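Undergrad: What follows is a single structure, and I will ask about it in a moment.
The values are calculated or read from the model by the stated rules, or taken from the named source; none is laboratory data. For clarity, every value in this text was computed on a predicted model and none was experimentally measured. Note that we place each Cβ from the backbone using ideal geometry, even for glycine, and neighbour counts take in every protein chain shown.
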Amino acid sequence: MNFILASSSPRRKELLKMIGINPVIVVPDIDENTLPGEKVEDFLKRVTIAKGEAIYNSSYFHDPVISSDTIVLCENRVIGKPSSRDEAYEFMKLLSNNKHEVLTGVAIRYEGQVYYDYARTGVTFSEISEEELLYYLEHEEYMDKAGAYAIQGKASVYIQEINGCFFNVMGFPLNLFYGMLKKIGIVLYK
């Protein structure tokens with residue numbers, strides 16, 4: 001059995017390898033814009049499932065196709081991947097001395113069925129000074145990261161508290177995923 005990962009995220013691949021899965025990577029091409037009036041949880045589910053559907057073909061029927069999407073929610077605002085340095089600055093200013101939530105949807109398409117769930121983790125940042133923020137933007141790769149930060153990167157020094165799954169904030173909630181596999185009947189460790 002091969003695991004197919006519908007993602008270009010090196011972190012998701014790294015996390016799956018950590019638990020003994022070396023996935024085949026197939027990068028989906030989908031529209032990730034929100035629909036008018038769409039609730040956050042509905043958006044997350046739609047995009048997560050769409051990523052797997054975009055790369056699915058019949059040769060994967062007996063191979064689990066894994067798709068995922070992560071969003072950051074702060075003050076009822078979705079903070080996606082920044083499109084510019086200025087937007088990353090704005091995101092980090094909003095997160096500074098503030099609480100936010102990281103939501104990651106996980107979908108598994110396997111033998112004609114789609115299984116979906118999501119994890120929610122609360123994160124509190126300490127205050128980030130202007131000098132620290134400018135240094136961060138100069139020395140960190142923030143462009144491909146929801147919320148403009150990676151928990152395992154330089155922003156880790158600003159993380160005051162985490163309430164929930166650490167790996168969710170990294171981009172893939174391993175415990176949730178493992179529980180989903182067990183419910184489906186896929187055994188990793190025999």
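Undergrad: Against the definition (charged (D, E, K, R) and assigned to a loop (DSSP other than H, G, I, E, B)), how does E131 come out, yes or no?
TA: Numbers: charged (D, E, K, R): yes; assigned to a loop (DSSP other than H, G, I, E, B): no.
No, not satisfied.
Undergrad: From (1) within 17 Å of V169 (Cβ to Cβ); (2) among the aliphatic types (A, V, I, L, M); (3) modelled with pLDDT of 95 or more; (4) not in a helix (DSSP H, G or I), pick out the condition that doesn't hold for I71.
TA: Here I71 meets the rest and fails (3).
Undergrad: Pairs please, first residue from the range 95-112 and of a type in the set (F, W, Y), second anywhere and assigned to a strand (DSSP E or B), Cβ atoms under 8 Å, 6+ apart in sequence or on different chains.
TA: The qualifying pairs are Y110/V65.
Each row is one residue, and each column tells you yes or no for (1) surrounded by 12 or more Cβ atoms within 10 Å (Cβ to Cβ); (2) out of contact with any strand residue (DSSP E or B) (no Cβ under 6 Å at 6 or more places or on another chain); (3) not in a helix (DSSP H, G or I).
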| residue | (1), (2), (3) |
| --- | --- |
| N22 | no, yes, yes |
| P28 | yes, no, yes |
| E32 | yes, yes, yes |
| P36 | no, yes, yes |
| L44 | yes, no, no |
| P82 | yes, yes, yes |
| A88 | yes, yes, no |
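Matching residues to (1) closer than 29 Å to I49 by Cα; (2) surrounded by fewer than 15 Cβ atoms within 10 Å (Cβ to Cβ):
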{"residue": "R85", "(1), (2)": "no, yes"}
{"residue": "A119", "(1), (2)": "yes, no"}
{"residue": "F125", "(1), (2)": "no, no"}
{"residue": "S129", "(1), (2)": "no, yes"}
{"residue": "L133", "(1), (2)": "no, no"}
{"residue": "Y142", "(1), (2)": "yes, no"}
